[in-house]
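Read-outs: derived from the displayed coordinates by stated rules, not from any lab. Keep in mind that this is a model prediction, so the values were computed, not measured. Note: ideal-geometry Cβ built from the backbone for every residue, glycine included; neighbour counts use all protein chains shown.
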Amino acid sequence: MLRAFFALIKLSFLEAVRRQILHVMVLLSLVVIAVAGTVSFFDLGVQVKIVKDTGMVMILLAGALSVVFLLSGALFHDVEQRLLYPVLARPIPRGLYLLARYAGALGAVYLGMTLMAATLLALLWVHLHYLSTLAIVAVAFTYLEVALVGALTLLVSTFFTPAMTATLTLFLYLLGSLKMGYLHHLAERNTGFAKWAITAVSALLPNMEAFRFKDALVHDLTVPIGYLLMVAVYAVCYTAMCVAISVWRFRRREM
Amino acid sequence: MRAQWAIRTEGLTKVYASRHQTYTAVYNLNLQIADGETVGFLGANGAGKTTTIKMLLDFIAPTQGRAWLYDIPCTEPRARRQVGYMPEQPYFPRYLTPRELLHAHAALAGVPSREVKHRVEVALEMARADGFAHRPIGKLSKGMTQRVALAQALVGNPQLLILDEPASGLDPVSRVEMRNVLQALKEHGKTIFLSSHHLSEVERICDRVAIIHQGRLLAFGTPEELTQQTDRYVLVAEQVTTDAERALRQLCSGVRRDGAQVNAVTDGERVYEAVALLRQTGARLVSVIQQRETLEEAFLRIVQQTPSTEFTGEKAA
Ligand SMILES: Nc1ncnc2c1ncn2[C@@H]1O[C@H](COP(=O)(O)OP(=O)(O)OP(=O)(O)O)[C@@H](O)[C@H]1O
Ligand SMILES: [Mg+2]
C-alpha cells in the first residue's frame, strides 16, 4: 500500500512540475528576489528590510497562486481526460489517490518555494553574514500556509469546476486574510442573526493572518514559541480537515 | 482456495438520473462467471456494457443490486487485487513512456519490488508494446496506445481480466495478435471478461457469451447454445456441366465455380431437387452441409425478437 501511495505521489509530482504556470511563477519570483537583493540602496539596513519584505511576499504569493492553479483543476482533468480509470481499477482506496494527488502537487510547489527560499536566505547571508532563526521560521510558516491553501483548493474543487474553484479559493483566501481585522469589527457592529452568521463564517474561514511573520522578520521582533506552536497545530488541523472532507466527497463521486 | 465465481452479480441495476429524466442503463443483471472462463459481453452501442463494467470496478455505485469479484464485494478495494482492467478508449499521462507507466502500475498492483522489472518487460512483450516502450505515450498512435493499455492490464499478472472493447481501433493484423494474446492467457487459466462488437472475434475465443440489450441480459450461454441451425444448405459438387450449372442457378443462390468444384447455397425446400438435378446430369456430389447461424446472426435475431423496452422515465415531481 505504501509503495502504491508513493507511486501515485510520484505521478502527481511529475505532472505538476511540468506545468507552465509553476515555471512562470517560480522564475518571476526568483527574478524579483534577485533584483531586490542585488540593486544597491542607500544603506544596508534598508536593503536588508527590502530583501526580507520582497522575498517573503514573493515566496508566499508564488507558492499560494501555484498551488491554487495546480490543484483547482487536478481532479477535474483526471476525470475529464479519463486518466483516472486505470488507476482507480487498482486495489487502492480512492482516498489514497486523492491524498497522493495533493501531496504530489504540493511537493512540486514546495520545490519551487525552496528555490526561492534558498535564494532569499543566501542574499540575507551575503548582506548580514548570519541567519536569524526567525528568517527560517518565517519561511517555514509560509510552507504551512501554502499547504493549507492547497487543501482548501482541493476541498473547493470537489464542488466546482476549475475556474470557479480557483476564483472561489482565492476569494476565501482573501477573506481569510482580512478575517481578524475586518470581520471581527463587522460582528461587533451587528446583532442577532447577522452577528451569529458573521461569527460562524469567520470561524470557518482559515485564519491566514496568523501565518504572517513577515513584519516580525522585517522589524526584527521576537515571536513567542508557544504562539508558533499554536499556529502550527492550527494549520495542520485545518489542512487535515479540508483533506478529510475532500476524501469523503471524492469517495462518493460517480466516475 | 479460490472462489468459484470470478464475477457474480445479483439484480445489478443502474439508473442515471438527470434533473428531469431518469434513464435505466442496466436493469436487473444477474451474471455468474466461473474462474477460468472466457466470457464475451455483447451489445449494441449504448446497451450498458461499459456501465456494467464501471459498477464491477466501483467507479459508479449501482442503484440496486450487488456484485462480487471472487466473492469480495465490489465496493471494497481488495476486490480488485486480482483484476487487470483495460478501459474503452484508454488515456494515460502523455509525457510518460509505456515502460514508466507500467512501472507505476506494477507498484499500484502490489507487484513485489524485485519482480517489477521482470513483470514490466513480460507485459510489454506479451502486448507487443516492447517496440515503442521508450517513446512518450503522447506520441503513440491509437493502436499502439491500445497495446500499452493491454500491457498495463497485464502487468500485475492478474487472474481476472476485464477488457472493455480491447480490439477497438486495431487494424486486422493487430486484432489477430490481440486475439492470440487472449487465447494464450485463456490457456493459462485466466478469467477473461471482454465487451465487444466484433462478434466473430468473440465467437472464436469465448466459452460463453452474454448478450445485453437496452440494459437487460437477453441471453447467456455457449456460442453453440445461442446459435441455431439455419434453413441454409451448402452443396459442393464436381464434374458439373455448364448446362447443369445453368439449371442449378434456378434452384440455388450463390452458384460459384471454384476450380473443378461448384458451390451452391439453397434452402431446405429445394435442396432435394438440387441434389436430384446434380445426380441426373452425372455430377458428383462432394458434400451437403446444413449451415449454422453465425454469432452475429444469432445476436441480431435475439435482439430483434425482443420488444423495445427502453426505459426513459419522467422524474416524479
Ligand atoms: N453518466 C451518464 N449519465 C447518463 N447516462 C449515461 C451515463 N453514462 C452512460 N449513460 C447512458 O447509459 C447507456 C449505456 O451506456 P454504456 O456506456 O454502458 O453503453 P455501452 O454498451 O458501453 O456502449 P458502447 O458500445 O457504445 O460503448 C447509454 O444510453 C448512455 O447514454
Ligand atoms: Mg462502452
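To make sure I understand the rule: partners must be aspartates and glutamates, Cα under 14 Å from the Cα of B:LYS190, and not fewer than 8 residues away in the same chain. Which ones qualify?
Answer for B:LYS190, where 14 Å is the Cα cut-off: B:ASP35, B:GLU37, B:ASP207, listed by chain and number.
For a footprinting-style exposure proxy, rank B:ASP243, A:ASP78, B:ASP231, B:ASP35 by other Cβ within 10 Å, fewest first.
Arranged by neighbour count, lowest to highest, B:ASP243, A:ASP78, B:ASP231, B:ASP35 become B:ASP243, B:ASP231, B:ASP35, A:ASP78.
Determine the dipole magnitude for region A:1-138: charges of +1 sit on the beta-carbon of Lys and Arg, -1 on that of Asp and Glu, nothing else is charged, the reference point is the Cα centre, and the result goes in debye to the nearest 20.
Charge dipole of region A:1-138: 500 debye, to the nearest 20.
Which pairs, out of A:LYS10/B:LYS142; B:LYS54/B:LYS139; B:LYS14/B:LYS54; A:LYS52/A:LYS214, put more than 19 Å between their alpha-carbon atoms?
A:LYS10/B:LYS142; B:LYS54/B:LYS139
Can you give the charge dipole size of chain B about its Cα centre, rounded to the nearest 20 debye, using +1 on the beta carbon of Lys and Arg and -1 on the beta carbon of Asp and Glu?
For chain B, the charge dipole is close to 920 debye.
Along the charge dipole of the protein assembly as shown, which of A:LEU128, B:LEU218, A:LEU229 sits closest to the positive end, that is, farthest toward it, with unit charges on the beta carbon of Lys, Arg, Asp and Glu (+1, +1, -1, -1)?
The listed residue farthest towards the positive side: A:LEU128.
If we count every other residue with Cβ under 13 angstrom of B:THR294's Cβ, Lys/Arg +1 and Asp/Glu -1, where does the sum land?
Summing Lys and Arg as +1 and Asp and Glu as -1 gives -2.
Give the residue list of chymotrypsin sites (Phe, Trp or Tyr not before Pro) in region A:47-145 that are DSSP loop and have at most 11 other beta-carbon atoms within 10 angstrom.
For chymotrypsin sites (Phe, Trp or Tyr not before Pro) across region A:47-145 that sit outside H, G, I, E and B with at most 11 neighbouring Cβ atoms in 10 Å, the list reads A:TYR130.
What list do you get for B:TRP68, A:TRP248 if you sort them by fewest beta carbons within 10 Å?
Ordered by Cβ neighbours within 10 Å, fewest first: A:TRP248, B:TRP68.
Thinking of the protein assembly as shown as a set of Cα atoms, what percent of all their pairs are more than 41 Å apart?
In whole percent, the share of Cα-Cα pairs in the protein assembly as shown beyond 41 Å is 45.
Quick one: if the Förster radius is 41 Å, what FRET efficiency do B:ALA184 and B:GLN305 give, using the C-beta to C-beta distance and rounding to 0.05?
0.70
Across peptide B:96-104, how many C-beta atoms of other chains are within 10 Å of each residue C-beta, on average?
Taking the mean over all residues of the peptide, I get 2.
Would you calculate a helix-derived [θ] at 222 nm for the protein assembly as shown, using -39,500 (n - 2.57) for each DSSP H run of n ≥ 4 and dividing by the full residue count, to the nearest 500?
-17500 deg cm²/dmol
State the dimensionless ratio Rg/Rh of region A:106-245 (Rg: radius of gyration of Cα atoms; Rh: Kirkwood radius).
Computed over Cα atoms, the ratio is 1.02.
Any idea what the relative contact order of region B:230-292 is, in percent, if you count C-alpha pairs under 8 Å spaced at least 6 apart?
52 percent
Taking θ as phi - 60°, what are the ³J(HN,Hα) couplings along region A:132-141 by the Karplus curve (6.51, -1.76, 1.60), each to the nearest whole Hz, with x for Gly and Pro?
Coupling constants for region A:132-141: 7, 4, 4, 4, 5, 4, 4, 5, 4, 6 Hz.
In whole Å, how far is the Cα centre of region A:169-224 from that of region B:1-26?
Cα centres, region A:169-224 to region B:1-26: 49 Å.
B:SER196: net charge of surrounding residues, Cβ under 12 Å, Lys/Arg +1, Asp/Glu -1, itself excluded?
Residues near B:SER196 contribute -2 overall.
Please figure out what share of the DSSP beta bridges in chain B is antiparallel and state it in percent, rounded to the nearest 5.
70 percent
Any idea which of B:SER141, B:LEU160, B:GLY65 is furthest toward the positive side of the dipole for region B:5-226, if Lys and Arg beta-carbons carry +1 and Asp and Glu beta-carbons -1?
B:SER141
Above 17 angstrom, tally the Cα pairs of region B:230-292 and express them as a % of all pairs, no decimals.
That fraction is 25 percent.
Between A:ALA118, A:ALA100, A:ALA240, where does the largest GNM mean-square fluctuation fall for chain A, given springs only between Cα atoms within less than 10 Å?
A:ALA118
Provide the net charge surrounding B:LEU217, with neighbours chosen by a C-beta distance below 13 Å and charges set as Lys +1, Arg +1, Asp -1, Glu -1.
Once all neighbours under 13 Å are counted, the net charge is +2.
Mean 1/r over all different Cα pairs, inverted: what Kirkwood radius does region A:2-251 give, in Å?
About 19.4 Å for region A:2-251.
Round to the nearest 0.05 the FRET efficiency obtained for B:GLN291 and A:ILE245 when R0 = 56 Å and r is the Cβ-Cβ distance.
0.35
Sequence gap at least 6, Cα distance under 8 Å: using those rules, report the relative contact order of chain B to the nearest whole percent.
Taking the mean separation of contacting Cα pairs over the length of chain B, I get 20 percent.
Defining a contact as two alpha carbons under 8 Å apart and six or more residues distant in sequence, what relative contact order in percent does chain A show?
Reported as a whole number, the value is 26 percent.
Among A:SER40, B:SER253, B:SER196, B:SER174, which comes first, second and so on when ranked by fewest other beta-carbon atoms within 10 Å?
Listing A:SER40, B:SER253, B:SER196, B:SER174 from fewest to most nearby Cβ atoms yields A:SER40, B:SER253, B:SER174, B:SER196.
Looking at region A:217-254, which trypsin sites (Lys or Arg not before Pro) are in a loop (DSSP not H, G, I, E or B) and have at most 15 other Cβ atoms within 10 Å?
Answer by residue number: A:ARG252, A:ARG253.
Note down the magnitude of the dipole of the protein assembly as shown about its Cα centre, charges +1 on Lys and Arg C-beta and -1 on Asp and Glu C-beta and zero elsewhere, to the nearest 20 debye.
Dipole size: approximately 840 debye.
Where the centre of each part is set by its Cα atoms, how far does region A:19-73 sit from region B:255-302, in angstrom?
So the two Cα centres are separated by 85 Å.
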